[in-house]
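K.L.:
I'd like to ask you about the structure that follows.
The values are calculated or read from the model by the stated rules, or taken from the named source; none is laboratory data. Since the model is a prediction, treat every value here as computed from it, not as a measurement. With ideal geometry, Cβ positions are generated from the backbone for all residues, glycine too; neighbour counts draw on all protein chains shown. Keep in mind that these areas ignore ligands, DNA and RNA; they rest on the heavy atoms of the full protein, side chains included. Shrake-Rupley method; radii C 1.70, N 1.55, O 1.52, S 1.80 Å.
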Amino acid sequence: GNYINTSTMPADKNKAPLREWTPELQEDLDRILTVGEECISPAELKTLLTVKGRGSDHPTGFNLYDGFEPSGRMHIAQGVFKAMNVNKCTAPGTNSTFIFWVADWFALMNDKMGGDLAKIQTVGKYLQEVWKAAGMDLTNVQFKWASEEITQHADQYWPTMLDVARRFNITRIKKCCQIMGRLEGNLTAAQILYPLMQCTDVFFLKADVCQLGVDQRKVNMLAREYCEAAKIKHKPIILSHHMLYGLKAGQEKMSKSDPDSAIFMEDAAEDVERKIRNAYCPTKGEETTDDAAVEQEDAGKESMHLVKDEIKNPCLDYIQNIIFSPPGATFTAAGITYTDFATVRAKFLEGSISEDDLKSGLIDALNVLLEPVRHHFTTDENAKNLLALVQQYKKESLSAGEKVIRRLNLVELGRVTAGSHLVFAPVPNANPTLQEAMDILALLEQGGDKPLVLYLSDWSARVCNACDADPKGLDAYYKVLIASLKALAPALMEKVQIIYQSEAILADPSNYWISVINVGRHFQLNDVMGPEMKDSDGAGWVVARLMKTADVAGVEPASVAMVESSPETAVMKNLVQSFFQNQLPGINCPEVQVGQAPSLLLQQRESEAHKTENDEYYLLDDPKVHGKSKLKKAFCEPGNTSFCPPISVATAICFGLRKGELKIARAPENGGDVSFSNRADLEAAFAQGEQVLHPGDLKGAVIPVMVETLDQLAAAIKADGEVTKASKALKALAKKLAKSKGKK
């Protein structure tokens, strides 16, 4: 959605004239600004109206959006207040569209209406009827159903979400969590996902203006920050509407769970009478002395209201924001009609309007607004039927049936064989090591006779910022890795089924992502982060762990093997076992195994900073250059078997991969030729010192083995044009990443 068609712009950018600003545009601007308690920013809104608004010839105009979850009840703020605001934003000629993002998918996840999408959509249609009856002009309104939109465009929606997640750390996302009304300490992991998805909605819907409540402003600000990170030129404008107080003392907002905290759109006249008569209605602010206690009470409150209000009187709040919302509205109390709110407030606070008279006037005014809605639902057949259905669902959902398990099912989809042994490829990098490949092969070996599955988590790689989240770089990594595995262990790899995570997810995206969110809801954020992850780490790492758990559920393997030395393994083992046992009844929990190949490190270093290229072998090493030289320099102290890289390399390749032996050729005076077929014998000989087995002889025997292994890899990469291209792409990426790291 670029605003300005640059092809018709004059060469000198500074002088590019925007359209002339007219009184009609000013009227649109003023009217739209009355919707918000805050606008970020009015100047941007003015530019937007100039470029896409009234008289701009822009074919689609500009989009505003708000989201709602169809839960079967609508309070007056969502009904009348929203209808008035939408009318202000889309008045005839404004050239705008208001998009309602119907979060039926979340209602499904929240087990609303027994998790039945058809029922949830009926509720959504009922809410549309309420709005129509409340006077919302639906000419320029669109309803988009999240379940349909996200599923039909899963290939666009989810990669955007992953991109949002990779650009923020956990601290930043936690700040948004007040939209869930949660304090930071007791967050579930899913509460990291919600703000990320809500931020994605803004871009997925191509919203120019986010017209949500003040309580959502932190997520909308996140969307603006994302624009900076992703170099998106036009940030969404935030137009946040006021949050109405609950009717009882101290209720900062209305609550659907407390029916007496608000007037609902289906309330009868006697309900309105009872609720308003009992409503909190003070004439002066409450004295609070203990500031610390107030602060402790609820971290979310400060984000509900931007305008300072000492009195917090819900009756005045309703009069100001609902009764006086339409242009030219009036309010009558004790026979006197008022044309502005300020006078009503002043008269009430000084006592000229009594509490009873104020409430009587409010009750009458509310009933005038609700009467057309009641009328519509008693006279219109379609509306009557919808209401009856919704009421029936509410009764039914009290006696909820059993929970449907929603997950990706790759066995049922014919993508994997049942009872498999699952191994995940490591997080991609621009310089893959031989160790990574050998570890994968060792883990696959553990599967015995079970069908073997190697899972390439390409979407998780993006969210973790691997290879700078460059899809070409990630693809190159997997191509080089797979070719290398096939070169090293052709017979084993014949039996392995290779699955790309993105393809698996897109086979049934809706159920997959519901399961990811369900994993998130099952665990506290701290349990997913584990002991080694910090708040300053990327939020994407949390998402990746939730995805990995959902991936295991999707494959439903008999066993899953993970790298023993990885700090993530202990956390993942706990997540998988706990999720299967508690949330997937009737599905066998896989055995979680650990393992790895012998270490191929050639040097022991005090710290990471001291590491060099020569410390280990890489899949793209040049056999001629690196084969001999790296092992020649390798640590190899006579008699020391606790760290002896040549023995480890021989164990991994000669005894492990090739199931063969290591022949050491020596002159007769040095003890003659000798061969070994296992690590224990080789170590025993070496431990007796250089008289029995000299480091030079040991290295001399292992070097040709290593050169031959690197030759195999190089030949495999050269033999396939695609893989050759991939190897070049990886080398270029490694250079680019090293350069940008140097700049930081």
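To keep it simple, each residue is scored yes or no on (1) of a type in the set (K, R); (2) at pLDDT 90 or above; (3) in contact with a helix residue (DSSP H, G or I) (Cβ under 8 Å, 6 or more places away or on another chain); (4) open to solvent by less than 30 Å² (accessible area, probe 1.4 Å).
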site	(1), (2), (3), (4)
A292	no, no, no, no
D298	no, no, no, no
Y318	no, yes, yes, yes
G328	no, yes, no, no
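K.L.:
I need the full set of residues from the range 427-467 which are basic (K, R) and crowded, with 24+ Cβ neighbours inside 10 Å, in order please.
P.N.:
Correct list: R462 only.
K.L.:
Quick one: would you say L193 is in a helix (DSSP H, G or I), in contact with a Gly (Cβ under 6 Å, 6 or more places away or on another chain) and either closer than 18 Å to L546 by Cβ or at pLDDT 95 or above (or both)?
P.N.:
It is true that L193 is in a helix (DSSP H, G or I), in contact with a Gly (Cβ under 6 Å, 6 or more places away or on another chain) and either closer than 18 Å to L546 by Cβ or at pLDDT 95 or above (or both).
K.L.:
Tell me, yes or no, whether the range 622-636 has at least one residue that is assigned to a strand (DSSP E or B) and either at pLDDT 95 or above or of a type in the set (D, E, K, R) (or both).
P.N.:
Looking for residues that are assigned to a strand (DSSP E or B) and either at pLDDT 95 or above or of a type in the set (D, E, K, R) (or both), one finds none in the range 622-636, hence no.
K.L.:
If I filter the range 603-618 for residues that are surrounded by 16 or more Cβ atoms within 10 Å (Cβ to Cβ) and among the polar types (S, T, N, Q), do I get at least one hit?
P.N.:
Looking through the range 603-618, at least one residue is surrounded by 16 or more Cβ atoms within 10 Å (Cβ to Cβ) and among the polar types (S, T, N, Q).
K.L.:
Further question: State all residues of the range 606-622 that are closer than 28 Å to Q712 by Cβ and either free of Cβ contacts under 8 Å to residues at least 12 places away in the same chain or not hydroxyl-bearing (S, T, Y) (or both); if no residue qualifies, say none.
P.N.:
Correct list: K611, T612, E613, N614, D615, E616, L619, L620, D621, D622.
K.L.:
For the range 444-461, give me the residue count where each residue is assigned to a helix (DSSP H, G or I) and more than 27 Å from T612 (Cα to Cα).
P.N.:
5
K.L.:
Read through the list (1) out of contact with any Asp or Glu (no Cβ under 8 Å at 6 or more places or on another chain); (2) in a loop (DSSP other than H, G, I, E, B); (3) surrounded by fewer than 18 Cβ atoms within 10 Å (Cβ to Cβ), then give the number of the only condition that M533 fails.
P.N.:
Only one criterion is unmet by M533, namely (3).
This table checks each residue for (1) surrounded by fewer than 19 Cβ atoms within 10 Å (Cβ to Cβ); (2) modelled with pLDDT under 95.
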{"site": "I482", "(1), (2)": "no, no"}
{"site": "V496", "(1), (2)": "no, no"}
{"site": "I505", "(1), (2)": "no, no"}
{"site": "I514", "(1), (2)": "no, yes"}
{"site": "G554", "(1), (2)": "no, no"}
{"site": "S559", "(1), (2)": "yes, no"}
